[in-house]
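Any read-out appearing in this document is the output of simple, stated calculations on the displayed coordinates, not a laboratory observation. Here the structure is a predicted model, which is why all the values come from computation and not from measurement.
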Amino acid sequence: MVSCLKQGWGRKILIYVLSLIVLAFVLGPFIWIFLCSLQGEADLFVVPPNWIPKRVILDNYRYIFTGEIPTAYEVRGLIRSRISQEARYILPTLVNSFTIALFVTLINLCVSSLAAYAFSRFSFKGKTPLYIYIITSRLLPAMAIAVPFYFIIKSLNLLDTKLAIILIHGVYTIPFSTWFLTLYFNEIPSDMEDAALIDGCNPLQAFRYILLPLAIPGLTAIAAFSFVFSYSEFLFPLLITQTLKSKTMPVLIASLSNNPDVSYALLSVCVVLAVIPLLVIGFFFRNYVTKGMTISIFK
């Protein structure tokens, strides 16, 4: 009995220790960046580093929102070039990224849900080859299709537009979403839909009023996947965008990080602001996403 209890406690302690290690590995970088955003530039270069800020300031955030120079930068002898005006562009690029991701999510949900409904509920000529083609098209690496996408967008005169990024992200995410929702719809019994069709509903009405409400967890999981992918995707916006009107958040942060005179405190502020929307989405939709992924994968 005692040995069993000791073995049980030992297993629990091991699980807790491993969980803490994973938690530190996942949250550690973000916590460090957040703490850096609350310090002056000079405080980031002290040796040994201040793991806990000795003085917390909000001047870096104030500069991003108002343009007011942080007091820490007014010290004589500090390199003023580290006050990067480009860091203030994080707000418009966040709006661009959020807008693009929102439209990509809506397009993805509409197209992939209808396609998955057709593959799940109907039989038609060429169904299997078409389904395989859609799935395999997602297996192509982004670098392999980046140049063709660029020339297509250029021929359509859509370079440096948000519409171009929306179209590319939509095409890139629809195959996975179609495959995922097809598996999800296959797990939903069709009895209620069949009864609705007998009562006079057409297939679209059965899809809208019966299948979609039952598939909310799966649709939420796909919406979260589409939004996060489009919001954080870097390669295609880098190739397509040139000016602030269409530049996205990942491109701006990459540009800031490559600037040798950038303020790391301001760069940390940009990263914190960029992560906040993802944290909000993850917090409010975590249950739906978990349920949707579990049902689709393990059934």
**Message:** Quick check: the distance between the Cα centres of region 185-220 and region 20-37, to the nearest angstrom?
**Reply:** 44 Å
**Request:** Starting at the first residue of region 264-269, write each ³J(HN,Hα) from the Karplus equation 6.51 cos²θ - 1.76 cosθ + 1.60 with θ = phi - 60°, in whole Hz, x for Gly and Pro.
**Result:** 5, 5, 5, 4, 5, 4
**Euclidean distance between Cα centres, region 232-251 to region 98-139, Å** = 25 Å
**Message:** From the phi angles alone, apply the Karplus equation (6.51, -1.76, 1.60; θ = phi - 60°) to region 18-32 and give each ³J(HN,Hα) in whole Hz, x where the residue is Gly or Pro.
**Reply:** 5, 5, 5, 5, 5, 4, 5, 5, 7, 8, x, x, 5, 4, 5
**Request:** Per residue of region 149-163, in order, report the coupling 6.51 cos²θ - 1.76 cosθ + 1.60 (Karplus, θ = phi - 60°) as ³J(HN,Hα) in whole Hz, putting x for Gly and Pro.
**Result:** 4, 4, 5, 5, 4, 5, 5, 8, 6, 10, 4, 6, 10, 5, 4
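Pairs of lysine in the chain with Cα under 21 Å and at least 8 positions apart or on different chains: total?
Working: LYS154/LYS162; LYS154/LYS245; LYS154/LYS247; LYS162/LYS245; LYS162/LYS247; LYS291/LYS299.
Pairs that pass both the separation and distance tests number 6.
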**Request:** Find the Rg to Rh ratio for the chain, where Rh is the Kirkwood radius over alpha-carbon pairs and Rg uses the same atoms.
**Result:** 1.08
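Helix-only estimate, please: 222 nm mean residue ellipticity of the chain, summing -39500 (n - 2.57) across DSSP H runs of length 4 or more and dividing by its residues, to the nearest 500. Before the final figure, lay out the partial values.
Values: 12 runs with 205 residues, N = 299.
Computed mean residue ellipticity for the chain: -23000 deg cm²/dmol.
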**Request:** Two decimals is fine: what is log10 I(q)/I(0) at q = 0.10, 0.15 Å⁻¹ for region 151-299, from a Debye sum with one equal scatterer on every Cα and no solvent?
**Result:** -0.52, -0.92
**Asked** What residues qualify as long-range amide H neighbours of SER263, i.e. H under 5 Å apart, gap of 5 or more or another chain, H built at 1.01 Å from N?
**Response** SER84
